[in-house]
Amino acid sequence: MEQSGIIGDAVNEYTKLAPGEPAIYSCISIAESKKLADKFRDAGYTSEAVHGELKDEEIERIFKGLADKTINVVTFCDLISEGTDIPAVAVVGLCRPTMSMALYLQIVGRGLRPCEGKDKCIILDHVGNIGRHKHPLIPRDWSLEGMKKKRKKKKQEEEIEETYYTCESCYFVYEKSEECCPKQIPKMGIVTGK
């Protein structure tokens, strides 16, 4: 992962798009989680890696620091995806590819919790999970019958493609109801009434 440039890109993109916002980053291993936390610290952010080798009290201290914004970034491997409730999380970084839609939605869901003073969640996908599993807020047809309905899945994918665009310039995913990428409007000198 480090050779691919993902770790450096993660720090750069966070610095560019959400510096200082409470962030969590999903990593492929404990070792990568520790390396990424080090890179964030090297860039001047308060950052900690949480993993199963830490005592519960230490993990709780780190999560409280993220919630009260004394810690900027928490990196993890398989620890925050289920049952963790830190509504202050405003950035979710994906540095771990997954074929599991459930895991993807669980990780991204940590940043989608409402919180006073938070008006958005920024998802920084460095590994293409949105391409595999689509935008986390799209309507999905769920079934107890499993994945055997291939036609329905294809229809659902077509509906997804009809609903969202990915900006070719900045890779921002936005609804097709917008005339152009909302992130590109200031760059193009367009003024809206919003």
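Every read-out reported here was derived from the displayed coordinates using simple, explicitly stated rules and does not represent laboratory data. Note that the coordinates shown come from a computational prediction; the quantities given were computed from them, not determined experimentally. Cβ sites come from the backbone with ideal geometry, for glycine too, and all protein chains shown count toward neighbours.
For a test of the definition: using alpha carbon positions, the gyration tensor, and the 1.5 limit on a/c, classify segment 11-138 as rounded, prolate or oblate.
Verdict is rounded for segment 11-138.
With labels modelled as points extended 7 Å from the Cα through the Cβ direction, what inter-label distance (nm, one decimal) is found for residue 174 paired with residue 138?
1.9 nm
Take the Cβ-Cβ distance between residue 55 and residue 16 as r, set R0 to 30 Å, and report the resulting FRET efficiency rounded to the nearest 0.05. All intermediate terms of the calculation are to be shown ahead of the outcome.
On the way: r = 35 Å, r/R0 = 1.16.
For R0 = 30 Å, the calculated efficiency reads 0.30.
Show the residues, 5+ positions off or on another chain, whose built amide H is closer than 5 Å to the amide H of residue 123.
Close amide H contacts, sequence-distant or interchain: 92.
Taking 0.36 nm per intervening residue step and subtracting the Cα-Cα distance, what contour gain separates residue 67 from residue 112 on full extension?
Gain on extension, residue 67 to residue 112, equals 14.8 nm.
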